[in-house]
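Please read the structure below before turning to the comments.
The values are calculated or read from the model by the stated rules, or taken from the named source; none is laboratory data. Only a predicted model underlies this, so the values are computations on that prediction, with no experimental measurement involved. Neighbour counts run over all protein chains shown; Cβ positions are idealised from the backbone, glycine included.
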Amino acid sequence: MLGMEQRRIFEARHCCRLMSLCVSGVLALTAINGWATVAELSSPEIQKYLVIATGEGSSGDDTESAEDDVLFNAFDMSNVEIGADQELVSNSLAGTGDQRVGSYTGGLDLTGNWVPNDGELATVDRNRFDDVDPDPSDDTVGVPDELPGARPVFEGIDYSGNVAITGDYATFQSSNSDVNADTGIECARTPEACFPEPSTENSYFDVGDFGGEQDLNALAGVSQFDPTSLLDNLEDARDYILSLPSDYTLTSGFVDQNIKNPDGAPVLTDLDAIDADGVYDGIAVIDIDVDGSAFELNNSDWILQSTLNTFVIFRMADGVQFDFSNSSILLGDGNSDSTNIIDELGAIFFMDAYMGTNELFNLNNVILGGIGLWDFTDFNPNRTQLLSSAASVFAPAEGDATMINLQDAQGCAQFISHQVLMSDNRWNRCAMGQVPVPSSLSLMLAALMALLWAPRSAGRGCPA
């Protein structure tokens, strides 16, 4: 039988080992889900909006008269539906089948790139996506065409098309566009001053009214707000992104990587492996170094795969712009026939300096699923130095500066830039889910750590 002293040592060893295992388990679980890290980016203010346009105009010489103000068009949409993406992959028609549109007239046609052969699966020399919902007039909203190996992108109306225009002298323009949003377009200016030149027919659809359109030209869905909290959160987000250690460096883009190409296949990036090989914290941080050129994604389909909910941030470390054409970027979960709909953000492409090309993000014929395009140049005190370590300060340039240019594009995404331009687009918002550290796990972790280290602080420690 064990003596009293031996039993004490045995029990102490057993307790310490148990606590150590529990702490390791909680830490591993926290890392796997990325709770503590991703939560830093999931501010409700940031995640509320599909588009955040931070550009600014200027006041005139006569501060008493608004007539002398120099206004800046921070957001421009033409032939667009936001808060809705009712057909993926889109043909040139709109309002067919189950689709409900107002002034959006169609025009977006990506079928020739991804599903040129109606009703066929993705295969060499035929289709890049599985044409699950063939053209022309019998499209079923909620049944998207799919890329094998990727998760399906949300298709339908979710009223997520909220827009923030933060400048005191900033405006937006719209023509033949539908805004499906639970809040609408929020401006630092009054609605009349924010949308001074209504163009052709525009529609705003209220979240509570599935059939009756309201007139955007009459300022339905346009309101004034105070952007201070949003801008503060964006400053914090940039500082946090810059504080993260890099897990991997990517030195080139991808060209002709798709199923249809006999010599290619979709690009598959294993985010879990990148995170595990780097700082294992639930975020894969990939720096892009293309030696002063553009990071190009051309005629390619790119799957960002994770089975552990690993988030990914691509930071432009050396390059002039992101140039995406005839390409898709989608999330994957490791299932070849996944039913896990993409409706939240899983990746951010980040750039924060003007390097000679003002279109920091240039997209033509593109599908995105779960992707954020974040231009934070307006928050960089050294706006010509990428990833400057200087603390963020919101000081937007006046007038034309950096932008996100979206031509013939659709999917589920989020856009933040000095200026956002859309033509022939259809977008739902993919925002980051609210992921605070669960209080119960936090308390358990704190308690276990306290128990584990208390004996050591008292000079006793766990027995050897």
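Just a few scattered comments:
- Counted as qualifying within segment 189-305 are the strands (runs of 3 or more DSSP E) with 1 or more residues that are within 25 Å of ASP76 (Cα to Cα) and assigned by TED's automatic domain parsing to the domain that holds LEU345, namely 203-206, 213-215, 222-224, 294-298.
- Qualifying positions in segment 339-354 - surrounded by fewer than 19 Cβ atoms within 10 Å (Cβ to Cβ) and more than 18 Å from the chain's Cα centre (by Cα): THR339
- Single residue of ILE283, ILE288 found to be buried (at least 20 other Cβ atoms within 10 Å of the Cβ) and either in contact with a Lys or Arg (Cβ under 8 Å, 6 or more places away or on another chain) or under 21 Å from VAL115 (Cα atoms) (or both): ILE288
- Of all residues making up segment 313-334, the number that are surrounded by fewer than 24 Cβ atoms within 10 Å (Cβ to Cβ) and either modelled with pLDDT under 95 or under 15 Å from ALA431 (Cα atoms) (or both): 1
- Flag for ASP109 being under 24 Å from the mean Cα position of the chain (by Cα), part of a loop (DSSP other than H, G, I, E, B) and either at pLDDT 90 or above or not aromatic (Phe, Trp, Tyr) (or both): yes
- Here GLY161, GLY156 are screened, and the one residue that is under 20 Å from the mean Cα position of the chain (by Cα), in contact (Cβ under 8 Å) with a residue 40 or more places away in the chain and surrounded by 24 or more Cβ atoms within 10 Å (Cβ to Cβ) is GLY161.
- Scan of segment 306-325 for residues that are of a type in the set (S, T, N, Q) and part of a loop (DSSP other than H, G, I, E, B), ordered by number: SER306, THR307, ASN309, THR310
- Annotation for segment 326-340: no member residue is closer than 22 Å to ARG238 by Cβ, outside any strand (DSSP E or B), assigned by TED's automatic domain parsing to the domain that holds ILE404 and in contact (Cβ under 8 Å) with a residue 60 or more places away in the chain.
- Residue within segment 227-236 that is touching a strand residue (DSSP E or B) at 6+ places or on another chain (Cβ under 8 Å), surrounded by 13 or more Cβ atoms within 10 Å (Cβ to Cβ) and over 26 Å from ASP378 (Cβ atoms) present: no
- Applying the condition of being over 15 Å from the mean Cα position of the chain (by Cα) and not in a strand (DSSP E or B) to segment 415-435 and asking which residue is farthest from THR166 (Cα to Cα) yields VAL435.
- Of the set (1) farther than 28 Å from ALA391 by Cα; (2) modelled with pLDDT of 95 or more; (3) hydroxyl-bearing (Ser, Thr, Tyr), all apply to SER246 but (1).
- Taken as a whole, the structure leaves ASP98 outside the set of residues that are surrounded by fewer than 23 Cβ atoms within 10 Å (Cβ to Cβ) and at pLDDT 90 or above.
- When GLY102 is tested against (1) within 24 Å of SER177 (Cα to Cα); (2) touching a Pro at 6+ places or on another chain (Cβ under 7 Å), just one condition goes unmet, and that condition is (2).
- Segment 118-156, residues that are part of a loop (DSSP other than H, G, I, E, B), of a type in the set (D, E, K, R), closer than 21 Å to GLN305 by Cα and out of contact with any Pro (no Cβ under 6 Å at 6 or more places or on another chain): ARG128, ASP145, ARG151
- Checking GLU186 against (1) more than 25 Å from the chain's Cα centre (by Cα); (2) buried (at least 22 other Cβ atoms within 10 Å of the Cβ), the condition it does not meet: (1)
- Test: residue in segment 389-396 that is under 20 Å from ASP76 (Cβ atoms), in contact with an Asp or Glu (Cβ under 7 Å, 6 or more places away or on another chain) and assigned by TED's automatic domain parsing to the domain that holds PHE415: yes
- Unique residue being closer than 30 Å to ASN113 by Cβ and of a type in the set (A, V, I, L, M, F, W, C) when the list is PHE254, PHE225, PHE195: PHE254
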